[in-house]
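Structure first, then comments.
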Amino acid sequence: MTTPDPAAWEPSDRELERRAVRRRMALRSRLIATLAVGAFLAVTLGAILASPGWPRVQETFFSWEHARDSFGEIWKGFWRYNVVIFLIAEPLILVLGLGLAVARQARSPWLTPVRGLAVVYTDLFRGVPTLLLVMLFGFGMPALQLQGVPNSGLFWAIVALVVSYAAYVAEVFRAGIESIHPSQLASADALGLSRGQAMRHVVVPQAVRRVIPPLLNDFVSLQKDTALVFVVGVLDAVWAAQDYGNYHFNYTPLVVVAVFFVVLTIPLARLTDWLQRRMAERERAGQR
């Protein structure tokens with residue numbers, strides 16, 4: 001009995017007709033959505049431009065002259081501090097967050113204090129607003145005059161961001177670890193692996209792959225929260241914009257900073273959406 005060659009299969013006329021109908025329906029849906037969005041934006045923009053206070057708002061928040069004059073200092077602060085802080089804090093948060101999540105999964109009686117400390121850490125630093133942590137670390141720690149560590153506000157602001165976000169990331173990792181089916185641990189135990197070896201070689205690698213999209217969401221928030229370091233005197237983009245605005249009595253530089261952050265975070269947000277769709281497609285394919 002010969003098996004049919006998949007490459008030789010051709011869709012029937014009815015299947016081609018269905019595909020054409022689906023394409024027309026998809027095109028119609030996109031066209032309606034585009035028109036609806038365009039109409040909404042046109043009405044909203046018209047209402048804003050027709051408002052009595054728009055000329056004053058335009059001069060105060062959307063002045064091209066002030067945007068051009070402040071761009072250089074804002075760009076310098078954004079690239080030198082906000083981007084660099086993000087790149088430094090991100091790997092540290094990943095390492096600390098994963099360590100906390102693994103510590104909370106420890107089952108040995110000897111590690112009970114470690115597990116308790118991980119629980120206290122997570123509950124405490126998830127409950128304190130990140131802005132308060134930046135202020136407490138940025139102003140309080142340098143006042144201690146600790147030997148062997150920097151006393152700059154920038155250093156302790158980074159520490160505050162790492163401490164705060166590690167608590168959130170730890171919970172993301174913990175959710176990923178607990179989503180792994182118990183049969184994985186049972187199989188590892190049958191192969192003679194200890195619990196530590198099973199976590200290292202079996203559970204954690206699978207959990208990390210599952211939580212990549214929510215982790216990227218946390219890092220979108222982290223990128224925005226690098227703006228909080230200006231409260232401790234770090235000369236980042238927000239500080240530069242605020243300094244210019246206070247001198248010229250104009251808030252356009254703050255809008256420029258907002259555009260900077262949006263341009264940086266949108267690609268990361270779209271990457272997150274793509275990864276979530278890809279994982280959903282893989283799960284649906286595995287269930288077939």
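The values are calculated or read from the model by the stated rules, or taken from the named source; none is laboratory data. These numbers were taken from a predicted model, which means no experiment stands behind them. Note: ideal-geometry Cβ built from the backbone for every residue, glycine included; neighbour counts use all protein chains shown. Note: accessible area is taken over every heavy atom of the protein model, side chains too, but ligands, DNA and RNA are not part of it. Shrake-Rupley method; radii C 1.70, N 1.55, O 1.52, S 1.80 Å.
Things worth noting here:
- Three-way shape call for the range 88-221 based on the alpha-carbon gyration tensor, with the a/c threshold at 1.5: prolate
- For the chain, the Kirkwood estimate of the hydrodynamic radius, built from every pair of different alpha carbons, is 23.7 Å.
- Rounded to the nearest 20, the size of the Cβ-charge dipole of the chain about its Cα centre is 940 debye, with Lys and Arg at +1 and Asp and Glu at -1.
- The chain, relative contact order [Cα under 8 Å, separation at least 6], %: 25 percent
- Solvent exposure of the range 98-157, expressed per residue, is 60 Å² of accessible area, with all protein chains present and a 1.4 angstrom probe.
- Residue-wise HN-Hα coupling along the range 170-178, computed from phi with Karplus coefficients 6.51, -1.76, 1.60 (Hz; x: Gly, Pro): 4, 5, 5, 5, 5, 4, x, 5, 6
- Judged by the gyration tensor of its Cα atoms, with axes a ≥ b ≥ c, the range 190-288 is oblate; a/c meets the 1.5 cut and b/c is at least as large as a/b.
- Relative packing of peptides 240-250, 177-187, 112-122 - highest average C-beta neighbours within 10 Å first: 240-250, 112-122, 177-187
- When the Gaussian network model of the chain links Cα atoms closer than 10 Å, the mean-square fluctuations of Pro52, Pro142, Pro205 top out at Pro52.
- Rounded if a/c under 1.5, otherwise prolate or oblate - the range 28-94, Cα gyration tensor axes: oblate
- If only the Cβ of Lys and Arg carry +1 and only the Cβ of Asp and Glu carry -1, the dipole of the range 180-247 around its Cα centre is close to 420 debye.
- GNM on the chain, alpha-carbon springs under 10 angstrom: the most fluctuating residue among Pro91, Pro55, Pro253 is Pro55.
- Among Val163, Pro205, Ala280 the positive-end extreme of the charge dipole of the chain (Cβ point charges): Ala280
- Largest-first principal axis extents, alpha carbons of the range 118-157, Å: 29, 20, 13
- Of all accessible heavy-atom area on the chain, the percent that carbon and sulfur account for (1.4 Å): 65 percent
- Cα centroids of the range 67-105 and the range 223-288: 11 Å apart.
- log10 of Debye I(q)/I(0), alpha-carbon scatterers only, for the range 124-192 at 0.21 Å⁻¹: -0.85
- Residue among Val203, Val37, Val172 with the largest mean-square fluctuation in a Gaussian network model of the chain, springs linking Cα atoms under 10 Å: Val37
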